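> Supplied in structure tokens, the structure appears directly below.
We did not get these values from a lab; they are worked out from the coordinates using the rules stated. Predicted, not measured: the structure shown is a model, and the values here were computed from it. Positions of Cβ are backbone-derived with ideal geometry, glycine not excepted, and every protein chain shown enters the neighbour counts.
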Amino acid sequence: MGRKYSKATTYISGASNSSFRIPFVVLQEATNNFDESLVIGLGGFGNIYRAVLCDGTKVALKRCKPESEQGIQEFQREIEMLSHFRHPYLVSLIGYCDENNVTILIYEYMENGNLTRHLYGSNLPTMSWEQRLEICIGAARGLHYLHNSAVIHRDVKSANILLDENFVPKITDFGLSKTRTEFDQTHVTTVLKGTWGYLDPEYVLRGKLTKKSDVYSFGVVLFEVLCARPAIVRSLSREMVSLAAWAMESHSKGQLEQIIDPNLVTKIRPESLRKFGETAVKCLADFGVDRPSMGDVLWNLEYALHLQEPVIQDDPKENSTILIGEQINDFSHVDASSSAAQNWDDLSSDECSRSR
């Protein structure tokens with residue numbers, strides 16, 4: 001592909017020499033002139049299209065609305081991040097287009113979309129507990145790499161974890177990310193940006209953004225994976241609106257097994273659930289200093305998977321199982337559109353404004 005498209009002498013600041021500029025006409029052809037039937041995601045910035053380049057490469061195109069100044073800034077950040085940081089658990093940037101006031105980013109195509117749609121709001125097959133653990137582990141590896149590279153993602157959520165054809169997870173959406181050049185060794189005080197339901201309370205109250213802000217958000221994702229419900233559901237009773245608060249309360253009462261995804265009943269080994277629950281709860285500590293590092297989170301998730309593995313090998317009748325009573329809450333009916341389940345980046349009316 002490198003021979004077909006020109007290397008960057010770019011109008012977009014932040015693009016490195018490793019990024020390829022792809023002519024607009026090529027993208028126009030790949031999308032049948034941006035046919036609406038090829039749209040796979042919607043956002044405040046514009047549409048995301050499925051496409052196939054002339055060399056057969058499957059890609060996803062993120063096209064920015066011309067009037068979106070905010071979108072242009074975030075696109076510049078995406079190019080900066082993905083041109084400098086490469087990892088098996090980060091989505092790859094293939095190229096970009098910046099012709100005639102059109103800004104488009106071209107990513108590798110992720111066959112299975114985002115994690116959210118596999119947890120709730122769709123009719124997709126239920127994922128096993130082992131598969132969910134492996135996805136969490138992969139996402140944790142991606143975030144661990146970013147933190148070791150002095151990058152704060154700043155918008156960690158299930159909708160920003162994409163799955164390839166083999167359900168390998170990859171982190172996406174770096175438009176809000178911060179790097180070491182923008183903050184000191186501990187934290188940066190900044191305007192509030194992100195998604196309600198995932199926001200670090202310390203960041204909300206003090207404007208203090210740290211790597212542990214990502215850890216908090218990832219803790220919410222862990223409970224999404226366990227409970228198969230959105231981070232915020234305003235139609236529920238007051239104590240259940242916030243997944244983080246509800247899960248923390250249930251854990252403190254020793255009732256975590258009563259709120260898990262009904263599809264996982266009898267399929268999680270108690271030891272695995274205990275380790276997973278403890279890990280998620282630690283991520284949700286009020287203060288960053290009390291939260292684990294992503295390296296610690298990763299280790300604990302791998303251990304939770306190790307504790308689950310005997311279920312595969314032993315006779316199921318001999319294994320301890322989790323029995324859940326009438327307090328099970330089934331969220332399979334929840335409309336995923338309320339929490340961006342059908343797109344990558346769109347912030348709903350219940351989410352924090354990116355330009356606050």
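> Using alpha-carbon pairs under 8 Å, 6+ residues apart, how would you state the relative contact order of the stretch 87-141 in percent?
RCO, the stretch 87-141: 26 percent.
> When only alpha-carbon atoms are used, what values of Rg and Dmax, in angstrom, describe the stretch 140-282?
15.9, 48
> Can I get the semi-axes of the stretch 20-119's equivalent ellipsoid? Compute them from the C-alpha gyration tensor as square roots of 5 times the eigenvalues, in angstrom, largest first.
For the stretch 20-119, the semi-axes come out at 18, 17, 15 Å.
> Estimate the FRET efficiency between Asn166 and Asp296 by the formula 1/(1 + (r/R0)^6), using the beta-carbon distance for r and 41 Å for R0, to the nearest 0.05.
That gives a FRET efficiency of 0.95.
> Along Cα→Cβ, 7 Å out, is where each label goes; now give me the distance between the ones at Asp35 and Gln258 in nm to one decimal.
The two pseudo-label positions are separated by 5.2 nm.
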